[in-house]
Structure formats: C-alpha cells, structure tokens
Amino acid sequence: MGILFAPTLELFNSSTQTILVILLVTLAIILSTSKPNSKLSATIPSPVALPIIGHLHLLGHLPHQSLQRIALRHGPLFRVRLGSIDYLAINSPSTVKSFLKNHETTFANRATSTGILHLAYNGSDMSFAPYSPHWVFMRKLTMTQLLGGKTIDKLHLIRKEEIKRLLRGFYDKSRKGERVNLPKEFIGLASSIVSRMSVGRQWAGKDDELAELKTVINELEEILGLFDFKDHIWVLKQLGKLGIDFQGIDSKVEEVKGKYDRMVERVLRAKEAERQQLTRKKDGGEGMVKDILDLLMDVHDDENAEKKLTRENIKSYILNILAAGTSTSALTIEWALAEMMNHPNVLRKLLNELDTIVGKDRLIEESDLPRLPYLHAIIKETLRLHCPIPMVARKGSEDCTIDGHFVPAGTPVFVNYWAVGRDPEFWKNPLEFNPERFTGDDNLNDIDFRGQHFQLLPFGTGRRMCPGITLALFVVKTGFAALVQCFDWPSAEGSVDMTEGPGITLTRAKPLVMTPKPRLHKLLSNF
C-alpha cells in the first residue's frame, strides 16, 4: 500500500494535503485519548499535559530554563510528555548522582532523532552510536591515541600558531579602528585548531575550504538544535512515512550530509595519496607528527587491528570531532570575556596573576597553566554558570528504579547540567559570578569538572563524558588568557547583556562586537 501511495502523493495539491492533515489529526486525537498511560511510574510528578503535544508548549526556545522552572514546582525529578513520548527530567546534583552513578550503564545510550542518526552515518560514529562493542572500541581508541595526552602534546604548536594568528588579526583591526564580531572570530579560532589537528595539512592554508567547513559545522549545529516533531507526534510520523516533510528537516539533513561527505571525501583521497608517497620514501615518514586522520587510517590499514574501521567510521568520527570541538570552546571564551567586562575587579585580579607569572614580554604558554590558579577558577565559574551544552538526553536500555520510581526500558531522560550548576541547595548565591568560591575557604577548591563531582558537570560524566575535555581546556584557558593578556577589555560594571540565545549549545542572544584595544603593543607587533 505504501508503494502505491507514494508516487500519487506527489500530485496532491495543498488543499488535498490540508484535508488529509485534518483527517489524520482527528484520528490522532481519538487514538491518543484511547491509548493506555505510559508505563513510566505514575508517582513521578508532572505538569498538566495537552492532547497530542503534551508539554511541548511549556518548553519554549530555552528548554533548560523551562525545565528548571518546572522543577521549582514539581521537584528535581519529574515527567514531561513531548508529543506521545514521556521523558524523565533530572535537574539537581543529588538526582543526577543517583541517576548517573547508579544507572550509568543502563542509560549509556543517547536519545537522538532519526535525522541525526542519518547524519552520523547511521551510528557509525562515536558520539551518537549505541553502547556496543564498536562504541567501546572507539572510546578506547580515542582515549589512548586519538585524543590521548601524547597526541595532544605533539600537536600543541597548532594551537599556539592559531592563537597567535587570532591575536595578530585583532591587532591589525585595532590599528584600522575596525569592530570585531568576537563570537565569529572565536569560532574561527576553534575550527582552525580542530580542523588542523584532525586532518592537518589537508586544510592548512586553504581558506576557501576552511570557510566551507565552518558553514557545514554551522548548518550541522542548526540541525542538532531542531526538535523533530515527527519523532514525537504520531500523525506527523505517518505523514513522514508518506514523504511529507513539514519542517523540512529531512531535506536539510540530506543537503548538509551531502556537503560534508563530498568535502571529507576529497580530504580522504588527498590523505591516501600523501600516505602512499610517504611509503615510497626511505624513512617511510618516520618522525612525522601525525594528525587524528593519520591515526584513524593507521587503524583502518592495520590487518591485525582489534576492529576494522570502515570509511564511514572515519568520516563520522571526524564529523564528531569538528562538531563537538568548535562552538563549545568558542562560546566558553566569549562568556568568560563578557563576565570580565561585567566584573572589572575579577579582571584586574587575573591580570595581576598573568603579569606576575607570565610577564609582559612573552605570550602565555600551555606550560604556564598549572601556575595560574585564579585563571582556573574563572574558567570553572564560567562553565558553572554557562555550561556550553546545557542539557543532554539519554535513553534506558532496561527497566530500572530511580529514587523509588519505576522507569521502563526505552525511557528517554533529560539531564539538565545547566540547572545542576545553578542549584541553590548546593551553590551559595548561585546566580552570582564569583570565582573566589573556588579559591576560598568554602571547601569548593577541590570540586572539578572531570565528572567526579556531580555539582559541576559541563563535560558530562561516566562513559559518555566528553573525551575531548583536555583539548578543550587547553584551547579555552590559553586562548582566553592570551586575549586578556594582550588586549584591554572595557569595564561595563554589569551592563553587558547576559541573555541566552536558542540552540543546542549555550549561545549569547547578543554577540559581543567591539574594537580591540591593544594592551601589549610591543608583544603584538612581533607576531
């Protein structure tokens, strides 16, 4: 029947489609009112839901904030129904600990949309792949080789060069009196670092291809931030099966995936040619610093590898690295600078630390970071208030009990990291930007963001914790500190608008745009 209807549907005019929608919506209402309740424990509190859409109307364009507001009334653990699917929402350090520490394996899978899975080469990647032997292998490979300490150390010159390039660009624009769109520049910094570390020479110096890459990453993040109604509302799912794509997500997914696939295929062919040339040399390229793509292809070509990597595995992994490592680092730098402008006393204290430890005659190095505790406290406080990915969704693989409530297999769970970092039950004056909370006598000095302390989880925790945390912290800390060291940032005394914007990442509603004012002219002129 579906095959017979598919070509006929293309001939439907808008009136016919409208009638079809009305009929299907009516049927959906009848079905929704006659369906049995979800198996998710009825003892879990929940707001009143509307027919068909459930609680979609309550979430708005900043769902992490909406979930926190609902938690104020219903408690840190509650149910929300999105369309026909019941989600569990977790919003406090104690419930997150109970959930992720006691049931981490059960909820090791991500809850994701069909469109995102298609973008990720049908789960051939690591970020969205289900918990499986493939995922375990890729995680192990990531932590020991691809993003391991040795690889990150060997590629440190790339980070240093790109930070200098950013500073030089700011200095040139300051001399011309030009205004700078800071988030755009920070995205450029992060994407250049990550792309060069990922595929190295293949994109180095090719501004047109880097621009294409940035476009693809932006479009990918837009898709990741979209709510696909057909995955949650029965009637739209049925229409989707008939080829009706009301939101246009399916066509956008195909477009973006096509762009990325053509781009990465060119890179793979160039890399394969380069590797063939190296094998013909006497030393076989021995001593060459390998990028992440080199390491992936080493495993791909190794007949004795624990697991054989496919071309799709490589493409999807590079996509993971590019998407995850770009906007999150850029946004954290932007939020930190905004906080410095709103808190000039904190900025002065940081400058004193930088001038004392680093001086004014050289640029900060990654090796300086262990001796800069106040810088570390500022970044920690920035990540507490402005978690770059405010919430994630997990999906249960088996029945379990959470805080005495029955949760059946297949239940998706929202973990609201943004709300966890602002929980007044744990944090004193949680909305106040105060790096001193991590340097004083409040017993918070030892709280870190590497997944062991459930009050602060900007990178997640457990098996699904961000594997690029070490790289991200190098980029954020060194990039932010270099900007503070080399340029003066205007004192706003709280007047910088800190309103959040929509998206899967924590964007700023109003981007910072200003003319850079050099602080260390002599140092900048030598870059």
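Identify, by number, the condition in (1) more than 30 Å from GLU500 (Cβ to Cβ); (2) under 22 Å from the mean Cα position of the chain (by Cα) that LYS290 doesn't meet.
Only one criterion is unmet by LYS290, namely (2).
Can you tell me which residues in region 474-527 are touching a strand residue (DSSP E or B) at 6+ places or on another chain (Cβ under 7 Å), assigned to a loop (DSSP other than H, G, I, E, B) and closer than 18 Å to GLU381 by Cβ?
LEU506 - this is the single residue of region 474-527 that is touching a strand residue (DSSP E or B) at 6+ places or on another chain (Cβ under 7 Å), assigned to a loop (DSSP other than H, G, I, E, B) and closer than 18 Å to GLU381 by Cβ.
Being touching a strand residue (DSSP E or B) at 6+ places or on another chain (Cβ under 8 Å) and either at pLDDT 90 or above or within 30 Å of TYR417 (Cβ to Cβ) (or both): is that true of LEU72 here?
Considered against the rule, which asks whether it is touching a strand residue (DSSP E or B) at 6+ places or on another chain (Cβ under 8 Å) and either at pLDDT 90 or above or within 30 Å of TYR417 (Cβ to Cβ) (or both), LEU72 comes out as no.
Residues in region 337-353: is at least one of a type outside the set (S, T, N, Q) and in contact with a strand residue (DSSP E or B) (Cβ under 8 Å, 6 or more places away or on another chain)?
Of all residues in region 337-353, those of a type outside the set (S, T, N, Q) come to 337-341, 343-344, 346-351, 353.
Filter again for in contact with a strand residue (DSSP E or B) (Cβ under 8 Å, 6 or more places away or on another chain), leaving 338.
Yes: one or more hits.
Taking region 484-527 as the search range and keeping residues that are hydroxyl-bearing (Ser, Thr, Tyr) and in contact (Cβ under 8 Å) with a residue 60 or more places away in the chain, which one is surrounded by the fewest Cβ atoms within 10 Å (Cβ to Cβ)? Explain how you work it out, then say what you get.
From region 484-527, those hydroxyl-bearing (Ser, Thr, Tyr) are 491, 495, 499, 505, 507, 515, 525; that's our starting set.
Imposing the further condition that a residue be in contact (Cβ under 8 Å) with a residue 60 or more places away in the chain reduces the set to 491, 495, 505, 507, 515, 525.
On the way: SER491: 15, SER495: 9, THR505: 19, THR507: 20, THR515: 13, SER525: 11.
Applying the filter and picking the extreme gives SER495.
Checking THR326 against (1) modelled with pLDDT of 95 or more; (2) β-branched (Val, Ile, Thr); (3) under 24 Å from HIS64 (Cα atoms), which test does it fail?
All conditions are met except number (1).
Can you pull out every residue in region 496-527 that is among the hydroxyl-bearing types (Ser, Thr, Tyr) and more than 26 Å from the chain's Cα centre (by Cα)? Talk me through it step by step, then tell me what you get.
Taking region 496-527 as the starting set, the residues that turn out to be among the hydroxyl-bearing types (Ser, Thr, Tyr) are 499, 505, 507, 515, 525.
Matches in region 496-527: THR515, SER525.
Please count how many residues of region 167-180 are surrounded by fewer than 20 Cβ atoms within 10 Å (Cβ to Cβ) and either under 22 Å from the mean Cα position of the chain (by Cα) or of a type in the set (A, V, I, L, M, F, W, C) (or both).
Number satisfying all stated conditions: 1.
Please find, among ALA190, ALA129, ALA211, the residue that is aliphatic (A, V, I, L, M) and part of a loop (DSSP other than H, G, I, E, B). Can you show your working first?
Details: ALA190 fails: part of a loop (DSSP other than H, G, I, E, B); ALA211 fails: part of a loop (DSSP other than H, G, I, E, B).
Selected residue: ALA129, the only one of ALA190, ALA129, ALA211 that is aliphatic (A, V, I, L, M) and part of a loop (DSSP other than H, G, I, E, B).
Looking at region 411-427, can you tell me whether even one residue there is part of a loop (DSSP other than H, G, I, E, B), over 30 Å from GLY149 (Cβ atoms), touching an Asp or Glu at 6+ places or on another chain (Cβ under 6 Å) and without any contact (Cβ under 8 Å) to a residue 60 or more places away in the chain?
no
Can you tell me which residues in region 428-454 are of a type in the set (S, T, N, Q), touching an Asp or Glu at 6+ places or on another chain (Cβ under 7 Å) and either part of a helix (DSSP H, G or I) or modelled with pLDDT under 95 (or both)?
Of everything in region 428-454, nothing turns out to be of a type in the set (S, T, N, Q), touching an Asp or Glu at 6+ places or on another chain (Cβ under 7 Å) and either part of a helix (DSSP H, G or I) or modelled with pLDDT under 95 (or both).
Looking only at region 312-367, how many residues end up being over 27 Å from the mean Cα position of the chain (by Cα), under 30 Å from GLY148 (Cβ atoms) and touching a residue at least 60 places away in the same chain (Cβ under 8 Å)?
Residues that pass the stated criteria total 4.
Quick check on this structure: which one of THR151, THR112 is among the hydroxyl-bearing types (Ser, Thr, Tyr) and part of a helix (DSSP H, G or I)?
Values: THR112 fails: part of a helix (DSSP H, G or I).
Only one candidate passes the filter, namely THR151.
Which count do you get for residues in region 71-109 that are in contact with a helix residue (DSSP H, G or I) (Cβ under 7 Å, 6 or more places away or on another chain), of a type outside the set (Gly, Ala, Ser), surrounded by fewer than 22 Cβ atoms within 10 Å (Cβ to Cβ) and assigned to a helix (DSSP H, G or I)?
1
Checking the structure you have, find out if any residue of region 336-350 is surrounded by 12 or more Cβ atoms within 10 Å (Cβ to Cβ), of a type outside the set (A, V, I, L, M) and either touching a His at 6+ places or on another chain (Cβ under 9 Å) or within 27 Å of ALA120 (Cβ to Cβ) (or both).
Yes, region 336-350 contains a residue that is surrounded by 12 or more Cβ atoms within 10 Å (Cβ to Cβ), of a type outside the set (A, V, I, L, M) and either touching a His at 6+ places or on another chain (Cβ under 9 Å) or within 27 Å of ALA120 (Cβ to Cβ) (or both).
Can you spot a residue in region 272-283 that is at pLDDT 90 or above and over 28 Å from ASN181 (Cβ atoms)?
Yes, region 272-283 contains at least one residue that is at pLDDT 90 or above and over 28 Å from ASN181 (Cβ atoms).
For region 237-261, give me the residue count where each residue is at positive phi and either in contact (Cβ under 8 Å) with a residue 60 or more places away in the chain or surrounded by 16 or more Cβ atoms within 10 Å (Cβ to Cβ) (or both).
Residues meeting the conditions: 1.
So which residues in region 295-306 are surrounded by fewer than 14 Cβ atoms within 10 Å (Cβ to Cβ) and among the charged types (D, E, K, R), if there are any at all? Don't jump to the end; show me each part of the working.
Taking region 295-306 and keeping what is surrounded by fewer than 14 Cβ atoms within 10 Å (Cβ to Cβ), we get 301-306.
ASP301, ASP302, GLU303, GLU306 - these are the residues of region 295-306 that are surrounded by fewer than 14 Cβ atoms within 10 Å (Cβ to Cβ) and among the charged types (D, E, K, R).
Just checking, does region 384-397 include any residue being in contact (Cβ under 8 Å) with a residue 24 or more places away in the chain, surrounded by fewer than 19 Cβ atoms within 10 Å (Cβ to Cβ) and in a helix (DSSP H, G or I)?
no
Pairs only if they're at least six apart or on different chains, beta carbon under 8 angstrom, first in region 114-141 and modelled with pLDDT of 90 or more, second in a loop (DSSP other than H, G, I, E, B) and of a type in the set (Lys, Arg); list them, first residue then second.
Note: pairs meeting the criteria are PRO133/LYS307; HIS134/LYS307; PHE137/LYS307.
The values are calculated or read from the model by the stated rules, or taken from the named source; none is laboratory data. Source: prediction; values computed, not measured. Cβ sites come from the backbone with ideal geometry, for glycine too, and all protein chains shown count toward neighbours.
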